[in-house]
1. If neighbour count is taken as other Cβ atoms inside 10 Å, put 37, 196 in order from fewest to most.
2. Could you please report the charge total around residue 84, scoring K, R as +1 and D, E as -1 over all other residues with beta-carbon less than 12 angstrom from its beta-carbon?
3. Within a Cβ distance under 11 Å of residue 37, other residues only, what is the Lys/Arg minus Asp/Glu net charge?
4. Please report the net charge: other residues with Cβ closer than 12 Å to the Cβ of residue 185, K and R +1, D and E -1.
5. Quick one: order 214, 198 by neighbouring beta-carbon count within 10 Å, fewest to most.
6. Which value at 222 nm does the chain reach when only helices count, each DSSP H run of 4 or more adding -39,500 (n - 2.57), with the total divided by all residues and rounded to the nearest 500 deg cm²/dmol?
7. For the chain, take the longest principal axis of its alpha carbons; what is the angle in degrees between that and the long axis of helix 122-131, to the nearest 10 within 0 to 90?
8. Show me, for region 203-214, the HN-Hα J-couplings you get by feeding each phi into the Karplus relation (A = 6.51, B = -1.76, C = 1.60, θ = phi - 60°), rounded to Hz, glycine and proline as x.
Amino acid sequence: MKIDFYFDPISPYAWLASTALPKIEQDRNVRFRFVPVLFAGLLNHHGQKGPAEVEAKRRYVIRDAMRIASKLKINFSGPPSHPFNPLKALRSCLAVPEEKRAQFASLLMKAAWEKGEDLTLDQTILSVARECQLEGNFLLQQTQNPEVKKQLIENTQQAIDQGIFGVPSFLVEGQIFWGYDRLDLLGDYLDQKIHVDESKFDQIIARPSSAKRE
């Protein structure tokens, strides 16, 4: 079974999720397909601000991610600035062959959040490429390729069309699981331990709104 993993390295939760995926693949005979999307594009479409754009949320998210990293016994350094421009990292992921994309993307996120490196710099992309035995200069050239730029836009639009509004998100059999903290529920779904009555869901969603925030 293939599961789409929508990610943007700007999110510490996407990094944390990436560290957990190999074990899920091993335990449940599934494969995660890494799909780079621009989180800012999702936010713009849905009329939202990113957590790092709201100071109280920014403080909470970093502390929360540090707590999770501590529990997982993973070092947390955080990138030199946050939020940062993730376009170079996202496009370089798209330039990597799909069979190597999970490794490359995971190591990129590790570089930012665990090692504290700057994903906006060429040298970071080159370093991760070397680690994956990929041609880094080619990847950097491809970040300016119109087709690669177009693919990122299309990925983001595809995510929007599927109902994705945040990262990390997981899509399996039309079901969305959003956030690192929903990996347990994703596992339960794969193990057929949970079920949603879709007809009841449709009835509830069809109910009208009785209040509107001005």
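No lab work stands behind these numbers, since they all come straight from the coordinates. Just so it is clear, the structure is predicted and the values come from calculations on it, not from any experiment. Backbone-built Cβ (ideal geometry, glycine too); neighbour counts: all protein chains shown.
1. So the ranking, lowest neighbour count to highest, is 196, 37.
2. Values: positive: 88; negative: 8, 117, 118.
Summing Lys/Arg as +1 and Asp/Glu as -1 gives -2.
3. Summing Lys and Arg as +1 and Asp and Glu as -1 gives -3.
4. That works out to -2.
5. Working: 214 2, 198 9.
Final ranking by Cβ density, sparse to dense: 214, 198.
6. Taken over the chain, the calculation gives -17000 deg cm²/dmol.
7. Approximately 90 degrees, to the nearest ten.
8. Values per residue, Gly and Pro as x: 5, 5, 5, 6, 5, x, 7, 10, 8, 9, 7, 8 Hz.
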